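What follows is a set of notes on a single structure, which appears directly below.
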Amino acid sequence: MNLTELNRIATAMVVSGKGILAADESSGTIKKRFDAIGVESTEQNRRDYREMLFRAKDAMSQYISGVILYDETIWQDAKDGTPLVRLIEQSGAIPGIKVDEGTQALPMCPGELVTVGLDRLAERLKKYYERGARFAKWRAVIDIGSGIPSMTAISVNAHTLARYAALCQAAQIVPIVEPEVLMDGDHDIDRCYEVTSRVLNKTFQELRVQRVALEGMVLKPNMAISGKKCPKQASVEEVAEKTIRLLKACVPAAVPGIAFLSGGQSDEEATAHLNAMHKLGPLPWGLTFSYGRALQAAPQKAWSGRPENVAAGQRAFSHRARMNGLASKGEWQSSLEQKAA
Ligand code: 13P
């Protein structure tokens with residue numbers, strides 16, 4: 001393992017002004033997104049859609065540091081035969097790959113999940129590296145509900161995340177470690193804070209036990225935020241203040257960077273939260289976005305599967321990428337959104 005090189009990549013992934021495009025929806029998830037815009041989820045439509053994003057030159061070269069791909073996409077070529085991975089590299093962004101194989105029910109723990117995909121991971125990582133991937137992603141899911149999460153689910157998922165991270169570093173790939181505490185419930189922000197703190201502490205304990213070099217990884221956490229169904233929604237300032245307090249308490253400064261998931265927040269909320277956090281600096285790590293839905297909802301709608309809408313889709317993507325790029329420096333203002341509209 002070359003830690004200097006891993007650290008260089010991790011640092012580039014979270015460089016100020018840029019963030020990560022999570023375009024790694026599994027076939028099931030992208031079908032849901034396409035259903036919502038009335039587009040059939042064929043291999044070609046998935047390719048055309050992602051090619052549109054990766055060819056959005058301004059957005060990709062100025063605001064996107066890396067792109068997380070799904071297995072199908074990393075092997076696909078653009079219409080003109082250029083591998084999609086090359087388009088990403090040519091824009092100056094770093095290609096990455098989602099390597100987990102989804103979740104399964106965790107035995108003895110009703111309602112809880114464990115992420116799977118470790119079995120042949122070492123061989124798969126080798127192939128992904130040869131194809132150009134320089135970082136990977138693995139997502140663990142922790143749900144908040146009555147009596148959950150159990151300590152069992154937290155430790156099994158933390159152990160698995162650390163197994164994955166160690167395998168990545170041995171293959172010279174930067175692991176994005178993503179323990180996602182879902183925001184789907186009716187819990188308040190303080191319960192989210194408490195659960196996320198337990199999850200992060202356990203995850204870093206496992207990373208240390210399994211000798212993962214913190215300097216060569218990126219953390220992808222949820223924010224401390226109210227559950228979607230909670231009657232009392234925390235303000236932007238409260239989310240920012242509690243999230244930074246939580247991360248300072250749980251994430252060692254050796255970690256080069258933190259890149260948030262959007263997790264079901266609206267586009268503008270996700271941007272406003274990141275921006276507000278940067279008003280609370282200086283921070284010990286790079287802090288940016290690794291959004292899926294919050295970067296893609298607008299371009300998906302603008303595109304709607306029609307070739308004549310490609311330019312509009314790219315404009316919508318560029319706008320969100322720019323807004324989040326500004327937020328990653330604390331330079332976003334809501335008036336910039338209205339101007340674009
Ligand atoms: P969202 O930003 O849509 O939550 O997706 C990010 C991601 O990669 C989740 O694994």
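The table that follows gives values for the structure above.
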| quantity | calculated |
| --- | --- |
| Matching residues in segment 220-239 - criterion: being more than 15 Å from the ligand (Cβ to nearest atom) and under 18 Å from the mean Cα position of the chain (by Cα) | Ala224 |
| Among (1) more than 12 Å from the ligand (Cβ to nearest atom); (2) aliphatic (A, V, I, L, M); (3) touching a Leu at 6+ places or on another chain (Cβ under 9 Å) - the single one Ala259 does not satisfy | (1) |
| Options Glu194, Glu180: the member that is part of a strand (DSSP E or B) and either at pLDDT below 95 or within 18 Å of Val239 (Cβ to Cβ) (or both) | Glu180 |
| Tally, over segment 9-27, of residues that are in contact with a Pro (Cβ under 7 Å, 6 or more places away or on another chain) and in a strand (DSSP E or B) | 0 |
| Scope segment 161-194; condition more than 15 Å from the ligand (Cβ to nearest atom) and within 14 Å of Ala140 (Cα to Cα); matching residues | Ala162, Arg163, Ala165 |
| Where a residue in segment 268-292 is closer than 30 Å to Phe34 by Cα and its partner, wherever it lies, is among the acidic types (Asp, Glu) and away from the ligand (no atom under 16 Å from the Cβ), with Cβ under 7 Å and at least six apart | Glu268/Glu337 |
| Qualifying residue in segment 11-18 (condition: over 23 Å from Leu261 (Cβ atoms), touching a residue at least 40 places away in the same chain (Cβ under 8 Å) and not small (Gly, Ala, Ser)) | no |
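Listed here are the residues, each with its yes/no results for (1) β-branched (Val, Ile, Thr); (2) touching a residue at least 12 places away in the same chain (Cβ under 8 Å).
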site	(1), (2)
Asp71	no, yes
Gln76	no, yes
Lys79	no, yes
Leu84	no, yes
Leu87	no, yes
Ile94	yes, yes
Asp100	no, yes
Pro110	no, no
Glu123	no, no
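The values are calculated or read from the model by the stated rules, or taken from the named source; none is laboratory data. All values derive from a computational prediction rather than experimental measurement. Glycine gets a Cβ as well: all are built from the backbone with ideal geometry, and neighbour counts include every protein chain shown.
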